[in-house]
Amino acid sequence: MNAPLSIEQLLPELDHTHLDWLEEEAIFILRETVAAFERPALLFSGGKDSCVVLRLAEKAFKSKGKDGQYKGRLPFPLLHVDTGHNFPEVIEFRDRRVAEMGERLVVGHLEDSIKRGTVRLSHPLESRNGHQTVALLEAIEEHRFDVLMGGARRDEEKARAKERIFSHRDSFGQWQPKEQRPELWTLFNTRIRSGEHMRAFPISNWTELDVWLYIARENIPLPSLYYAHDRQVIRRKGLLVPLTEVTPPEAGETVETAEVRFRTVGDMTCTCPVESPAASATEIVAETLKVTVSERGATRMDDRTSDASMERRKKEGYF
Amino acid sequence: MNSAAPIQDHRALRFLTAGSVDDGKSTLIGRLLYDSRAILADQLDTLEKKAAGAPIDLSLLTDGLEAEREQGITIDVAYRYFATRARKFIIADAPGHEQYTRNMVTAAAGSDAAVVLVDITKLDTTKSPVPLLAQTRRHALLAHLLRVPSIVFAVNKLDAVSDPAQAYAAVRDALLGFAEHAGIRVAGIVPVSALRGDNVTQPLDAAWYDGPSLLQLLESLPTAQERKDGDLLVPVQYVAREGEGTGNQPRTLWGRIAHGRVKAGDTVQLFPNGEVATVAEVRLAGEVVDVVEAGQSAGIVLDRQIDVSRGDWIGTPKTIHAAQRFSATLAWLDTEPAVIGRKYWVRHGNRWVQARITAIESRLDIHSLEAIDAHELAVNEIGHVIVETQQPLPVESYETNRVGGALIVVDPASNRTSGALLVKAAA
């Protein structure tokens, strides 16, 4: 009667061939990146998209043992830009996964950029999401990375819909959307000059639904806040703002407890959960099939500022 | 021809849409996204605010960049995603202004299907045959040139003609006549009204049309499949060493199979060094498997140590034939014209080599694709050329093999992707 929900019940006509095909494409792009560049790094925040890319990287570069675990070491370090305003359970998850897998993690701290004076906050509780770019570019320079692999998807946002799989950054780390190289077949143009770098997006062609289908199929571990939990929130302008030390209630607002989960996870000052009882990846697939608000629309305060806010951040070197 | 076959192929279908804004292309894409619920409430809110009470403009969904919204034109190929319960779709949306060839070539490379929009209100349907617009012919011919497997015509704005049955029948005859003359195999001709949504996702309720909706037709189209039988060809993408340090660790040669299949025990030959070896083990992702087929990335472990690098090829013995000179169709994508004799970088498979265009033999008339005498190629032009490479490459005809037959040309000074080469034959 109460048998657990299965993907087959949810999507009887959709078999796994499309996920196999997306996986093949992503693994191909990851190997291409490592083969064509000298100093690659994988952006890993503990967010669900980067967890998916991490699993794909294991499949691309490691061998699966009889116990189902992947053996060996990735041929690149993981890189995270820590705004200092990350959810603690995400940082805890990040460090645990990295230790379990025996990988090398490089962390760029926004606090360091603030101390150096390369980032100036206009007020202490300002969203640090946009400022990540500075710390990211500083980490790229310090470690001389020539390519960063990331979990950005084209379905997330209109500016991303036009971005290449191998996306060029000039010596200032800037994206030039009007100067993008045509990308033909899988003959990627990976040529760059010294001082420039590339971003590689292996899951460009995945949608939010594909990501959840894959997480369910592959049993990919995620931070607990992606699944239903009770949290203190404040209702503000149609969003559920999580109560944290950097997002206190404003005058006249009340704090309540709601059953929520996060659809995206970023800086605490700009990421909001949605109300949901979904406690497993399969239940989230079921919800995603019925969803009526986009991932960023439901959860991001910063993307609401203007129609072009993502494009502007990307031009400046954002992920 | 127009009846939708049962759905056999569940892989995502990549298709490009060809047509200008005036043809209702953006509206058609907006309609596909909207009706398949790929547009969500908050995105719709933004459109409704812009419309200020008027019917929403679905075409606004596809303008991605700030500069485009300012100028009211689309600049670059955009990728859109939607899914039905049966299939996932990826739309490569190629804008239709002066950069057209460049964008369409980019969108068509790797697409399984092309949807060419025909604006019926721009045609004189009283004539027999109905004269087609130059751009309709151009879009179909370009898709055909790039060997997009399925070409579909969507006859749009049926809502704006007084006798849609007669108009559709006349345009259909003209399209079939043109396609037959050009050697294009047509996968379907579908009447639609993108504005009203007729026959886009919901079948048309009209006595004069009993074929599929555009979406039903798209659900039934096959994806481009590389040949799985016959000889093996694999471009080596990445050489992985097991374990740390140097020495005689086994190496796995990773590459996506262009055609054929590979299993343990097969005898293979390497290019360019010509060495022959036996396959000891094949891998797929992180696991050892029995066999890997065309379209998948195989990890090949050989029975002995041979010096192999990225860019080399693995194949059935005596089947890899290399050439240092070949004839090809060149689509030029750079604002700096192609220069005869200049050294460019070309990428074939996973190998970069220097190459020269030794002759430009003709340019294709962009409307008819007939060859006309020319010795220069500028941006958005397509021509027939002879190419010479610094090392021999195992080129194959693009018509029979998209992996062995395609190259990109890169400007060594700017690193821009300047051209796309489709190999005709070794010369």
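Please treat every number below as a calculation from the coordinates, not as lab data. Since this is a predicted model, take the numbers as computed values, not measurements. Because the Cβ atoms are built from the backbone with ideal geometry, glycine has one as well, and the counts that use them run over all protein chains shown.
Details
- Cα gyration tensor shape for the stretch B:323-426, rounded if a/c is under 1.5, else prolate or oblate: oblate
- Taking the fewest neighbouring Cβ atoms within 10 Å as the starting point, the ordered list for A:Val134, B:Val171 is A:Val134, B:Val171.
- Helix B:25-35 and the longest principal axis of the Cα set of chain B meet at an angle near 90°.
- Contact order, relative form, for chain A: 20 percent (alpha carbon pairs under 8 Å, 6 or more residues apart, mean separation divided by residue count).
- Partner aspartates and glutamates whose Cα lies under 13 Å from the Cα of B:Lys343, excluding those fewer than 8 positions away in the same chain, are identified as B:Glu388, B:Asp411.
- Set of aspartates and glutamates near B:Lys122 by C-alpha distance (under 14 Å), chain-local residues within fewer than 8 positions excluded: B:Asp22, B:Asp23, B:Asp159
- Treating each Cα of the stretch A:166-232 as an identical point scatterer and summing with the Debye formula, the log10 of I(q)/I(0) at q = 0.20 Å⁻¹ comes to -0.88.
- Within chain A, helix-based [θ] at 222 nm, where runs of 4 or more DSSP H residues each add -39,500 (n - 2.57), nearest 500: -9500 deg cm²/dmol
- Exposure proxy shown here: for B:His375, A:His131, A:His80, A:His229, the number of other Cβ atoms within 10 Å sets the order, fewest to most, as B:His375, A:His229, A:His131, A:His80.
- Cross-link pairs beyond the 22 Å C-alpha cut-off, checked among B:Lys228/B:Lys318; B:Lys88/B:Lys263; B:Lys49/B:Lys88; A:Lys71/B:Lys228: B:Lys88/B:Lys263; B:Lys49/B:Lys88; A:Lys71/B:Lys228
- Taken residue by residue and averaged, Cβ atoms of other chains lying within 10 Å of the Cβ of A:156-164 number 6.
- Dimensions in Å of the stretch B:343-384 - Rg and Dmax from alpha carbons: 12.6, 34
- Across chain B, C-alpha contacts under 8 Å between residues 6 or more apart give a mean separation that, scaled by the residue count, equals a relative contact order of 13 percent.
- In the calculated pair-distance distribution of the stretch B:64-223, the portion above 21 angstrom amounts to 49 percent of the Cα-Cα pairs.
- Annotation: the residues A:Arg116, A:Arg128, sorted from fewest to most other C-beta atoms within 10 Å of their own C-beta, follow the order A:Arg116, A:Arg128.
- Long pairs among A:Lys162/B:Lys424; A:Lys162/B:Lys157; A:Lys158/B:Lys25, criterion Cα-Cα beyond 22 Å: A:Lys162/B:Lys424; A:Lys162/B:Lys157
- Equivalent-ellipsoid semi-axes of the stretch A:73-151, from the Cα gyration tensor, Å, largest first: 23, 16, 9
- Each label point was placed 7 Å from the Cα along the Cα-to-Cβ direction; for B:His181 and A:Leu121 their separation is 7.0 nm.
- For the protein assembly as shown, the fraction of alpha-carbon pairs lying more than 49 Å apart is 16 percent, rounded to a whole number.
- Global geometry of chain B, whether rounded, prolate or oblate, following the gyration tensor of its Cα atoms and the 1.5 cut on a/c: prolate
- Intensity falloff of the stretch B:233-315 expressed as log10 I(q)/I(0), Debye formula with alpha-carbon point scatterers, at q = 0.19 Å⁻¹: -0.74
- Between 0 and 90°, nearest 10: helix B:164-182 axis offset from chain B longest Cα axis: 30
- Partner lysines for A:Lys48 [C-alpha distance under 18 Å; skip if fewer than 8 residues away on the same chain]: A:Lys59
- Degrees between helix B:134-145 axis and first principal axis of chain B (Cα, 0 to 90, nearest 10): 20
- Cα gyration tensor shape of the stretch A:29-185, rounded if a/c is under 1.5, else prolate or oblate by comparing a/b with b/c: oblate
- Ellipsoid fit via the Cα gyration tensor, chain A: semi-axes of 29, 27, 19 Å, each the root of five times an eigenvalue, largest first.
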